[in-house]
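See below for the structure under consideration.
The values are calculated or read from the model by the stated rules, or taken from the named source; none is laboratory data. Just so we're clear, the structure is a prediction, and the values are computed from it rather than from any experiment. Counting neighbours? That spans all protein chains shown, and the Cβs are built from the backbone with ideal geometry, glycine included.
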Amino acid sequence: MTMHDGNGRDVQRALVGVGWHFPVRVDLRRPHELAPLGRARGGIALVGYEADIEQAIRIIIATHPGERRMRPTFGCQIHDLVFAPMNATTFGYMRRYVEEALTQWEPRIDVQSVDVRPAPQDGWVDVAIGYRIRSTKDERSLVYPFYVIGDE
């Protein structure tokens with residue numbers, strides 16, 4: 001059952017929130033506005049709800065701990081495995097690192113599964129993440145391609 005506030009907005013979806021678009025860009029005019037399309041509105045572009053969570057997941061995985069000066073522990077240790085051999089042990093570490101990072105840094109979701117799908121001939125691994133948005137109980141999935149160098 002969907003709950004609405006006095007203005008007809010979906011309260012559960014509003015709890016998911018809105019954040020800055022990533023990568024950061026200028027907000028452009030929308031088709032219904034009385035100005036030429038593509039002209040800047042003068043603000044930062046925002047992304048909301050499910051798309052905000054998806055971008056947050058990608059940012060968490062793409063950030064190596066120590067990269068952010070004011071949050072040195074933010075990110076995912078998966079980057080430590082770029083030169084690791086493509087084997088079951090490495091895939092287990094990848095799974096663990098992604099689960100730990102998302103559990104710690106994205107409180108709006110429950111991670112349901114992390115599946116590592118290797119493609120050794122192409123030099124990448126697909127990390128398939130199944131998650132549920134806590135406030136809406138909406139189940140979603142995302143595939144993050146992770147490029148590895150492995151043994152040469």
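Numbers below:
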{"item": "Complete set of residues in segment 98-136 that are part of a strand (DSSP E or B) and aliphatic (A, V, I, L, M)", "result": "Ile109, Val111, Val114, Val116, Ala119, Val125, Val127, Ala128, Ile129, Ile133"}
{"item": "Residue within segment 100-111 that is modelled with pLDDT of 95 or more, surrounded by 14 or more Cβ atoms within 10 Å (Cβ to Cβ) and on the phi > 0 side of the Ramachandran plot present", "result": "no"}
{"item": "Selection count, segment 56-89, where residues are surrounded by fewer than 15 Cβ atoms within 10 Å (Cβ to Cβ) and at positive phi", "result": "1"}
{"item": "Test: residue in segment 81-92 that is touching a Leu at 6+ places or on another chain (Cβ under 7 Å), in a helix (DSSP H, G or I) and among the aromatic types (Phe, Trp, Tyr)", "result": "no"}
{"item": "Near pairs, Cβ below 9 angstrom, 6+ apart or cross-chain, from segment 123-148 (touching a residue at least 24 places away in the same chain (Cβ under 8 Å) and surrounded by 14 or more Cβ atoms within 10 Å (Cβ to Cβ)) to any residue that is assigned to a loop (DSSP other than H, G, I, E, B) and of a type in the set (Phe, Trp, Tyr)", "result": "Ile133/Tyr49; Thr136/Tyr49; Val148/Phe83"}
{"item": "Identity of the residue in segment 119-147, over 14 Å from Ile61 (Cβ atoms) and touching a Phe, Trp or Tyr at 6+ places or on another chain (Cβ under 7 Å), that ends up modelled with the highest pLDDT", "result": "Arg140"}
{"item": "Selected residue (criterion: nearest to Thr89 (Cα to Cα)) from residues of segment 137-147 that are in contact with an Asp or Glu (Cβ under 8 Å, 6 or more places away or on another chain) and part of a strand (DSSP E or B)", "result": "Phe146"}
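A quick yes/no check of all residues on (1) over 16 Å from Val116 (Cα atoms); (2) in contact (Cβ under 8 Å) with a residue 24 or more places away in the chain:
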| site | (1), (2) |
| --- | --- |
| Val47 | yes, yes |
| Arg58 | no, yes |
| Thr63 | yes, no |
| Arg68 | yes, no |
| Gly75 | yes, yes |
| Leu81 | no, yes |
| Ala88 | no, no |
| Phe91 | no, yes |
